[in-house]
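All remarks here apply to the structure that follows.
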Amino acid sequence: MTEACTLKGMTWSDPRGYDPLVAASAAFQERYPHVTITWDKRSLQGFESTPVEELAQAYDLMIIDHPHVGEVVADGCLLPIDRHGAPEVLARLEAETVGKSYHSYFYGGHQWALPVDAACQVQAIRPDLRPTPATRLTEVMAEARDGRVLWPLRPPHVLMSFFTLMANIGSAFPVTRDLPIDRAAAKRTLEAMQALADLVDPACHSMDPIAALDALSEGDRFALIPYTYLYAPYAKDGYRPHIVTYHDIPAEGESGPLGSALGGTGLAVSARTTHPEICTEFALWIASAEVQRGLYTDNNGQPGNAFAWADPRVNARFGKAYHQTRMSHEAAWLRPRHKGYMGFQEAASHIILDALTGKCMHEVALDALQSRFTESFDG
């Protein structure tokens, strides 16, 4: 008789992050009756900031954010998925992944998580109030002058918009210490952000994407969010008072909707687990096309597998959210992932927000940004 196995997992509290994992764990138990997986959850803010090493001490399975991987490698707290995952299965998943999502968890020669959720900054609109998306930032500015624009600026999302716009105009933020920040591009980006920030409600300064999407989907005041992370369930009929539809980001540069700051989540295995093989088996299974386009999306999940993104049935249920944002996701920009990056992300987010709220001059903010980025490699 196979010995009973109980695994603990940690995810984040939005239905997108919790519901599909609970449903998948129940289905996995039907395949392996001796395996029980229970899930705890934390807030979006906690998900974005909690050190993976801390979670790995208490959990077998964890949903993580890819910028943590540099710390993961340095701390040795996660089990490489390729330790127990078959090379041919991993190669298939890599080929089936939307954009850079699979690659975002590859670092130091190993795969540290599997992308079960793909996201980047996209545009959200209320189709009953604005039938078509904005294609240029100038169109967003016109809507903002009429008080119809929301924009989540709570850290770290203010920094994500800065990253997105820098990459979109053709001079992405550096990912290594030897390349300085393009000062002219950073200044142009900050000026564009300032012009928009001056027009939106100050309440945006404390909004994350969920808060902004909630506000967009209620009432009749707001019509557009130009840069927010994709939360596909808002495009489902009945999920909120009004349907939200998603589209590629409005461009500031001349090459279309490229450069959006990559987000999404990956499923990782703790190096401390006493059941590494079954944890890896679960991760491989839940990342598969079969699960992602079926069970996962049927339970509020936002898949990372390209077969799910292209599935007509999936798109019909989510207002074509995946079809209509595919270009932004395929052309997304990958953040730095070195060990000191997470500390920089926190500091840089507040530097940018301080600049937009008049607490410091733009030139001072750019000096501080460069200084903190250089220092982030010294830890």
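The values are calculated or read from the model by the stated rules, or taken from the named source; none is laboratory data. Just so it is clear, the structure is predicted and the values come from calculations on it, not from any experiment. Quick reminder, even Gly has a Cβ in these numbers, built from the backbone with ideal geometry, and neighbours come from all protein chains shown. Side chains included, ligands, DNA and RNA excluded: accessible areas come from the protein's heavy atoms. Shrake-Rupley method; radii C 1.70, N 1.55, O 1.52, S 1.80 Å.
Assorted remarks:
- For the chain, the Kirkwood hydrodynamic radius from C-alpha pairs, put into Stokes-Einstein at 20 °C and a viscosity of 1.002 mPa s, yields a diffusion coefficient of 102 µm² per second.
- Å² per residue, accessible surface of segment 23-105 at 1.4 Å: 41
- In a simple Cβ point-charge model (Lys, Arg +1; Asp, Glu -1; nothing else charged), segment 240-301 has a dipole of about 240 debye relative to its Cα centre.
- Positive-end residue of A306, I351, G253, charge dipole of segment 221-379 with Cβ unit charges: A306
- For V122, the residues whose modelled amide H falls within less than 5 Å of its own, excluding neighbours fewer than 5 places apart on the same chain, are T228, Y229, L230.
- Residues of type lysines that K339 reaches as a straight line, Cα spacing below 20 Å, ignoring anything fewer than 8 places off in the same chain: K100
- At most 13 other Cβ within 10 Å, DSSP loop - trypsin sites (Lys or Arg not before Pro), segment 280-372: K359
- Largest GNM mean-square fluctuation among Q324, Q123, Q302, using the chain with Cα springs under 10 Å: Q324.
- Share of carbon and sulfur in the accessible heavy-atom surface of the chain [1.4 Å probe, %]: 53
- Accessible surface of V73, taken over heavy atoms with a 1.4 Å probe and every protein chain present, rounds to 50 Å².
- Of the residues L196, A332, G109, the one whose Cα sits farthest towards the positive end of the charge dipole of the chain is L196 (charges of +1 on Lys and Arg Cβ, -1 on Asp and Glu Cβ, taken about the Cα centre).
- The helix-based estimate of mean residue ellipticity at 222 nm for the chain, built from -39,500 (n - 2.57) per DSSP H run of four or more residues and divided by its residue count, is -12000 deg cm²/dmol to the nearest 500.
- DSSP loop GluC sites (Glu not before Pro) with at most 11 other Cβ within 10 Å: longest gap in the chain: 4-253
- Rel. contact order, % - alpha carbon contacts under 8 angstrom, at least six apart, the chain: 27
- Point-charge dipole on Cβ atoms (K/R +1, D/E -1) for the chain, about Cα centre, debye to 20: 460
- Between the helical axis of 183-197 and the longest alpha-carbon principal axis of the chain there is an angle of about 80 degrees.
- Under-5 Å amide H pairs with I37, H placed in peptide plane, nonlocal only: L7
- Debye log10 I(q)/I(0) for segment 1-154, one point scatterer per Cα, at q = 0.14, 0.18, 0.20 Å⁻¹: -0.87, -1.20, -1.35
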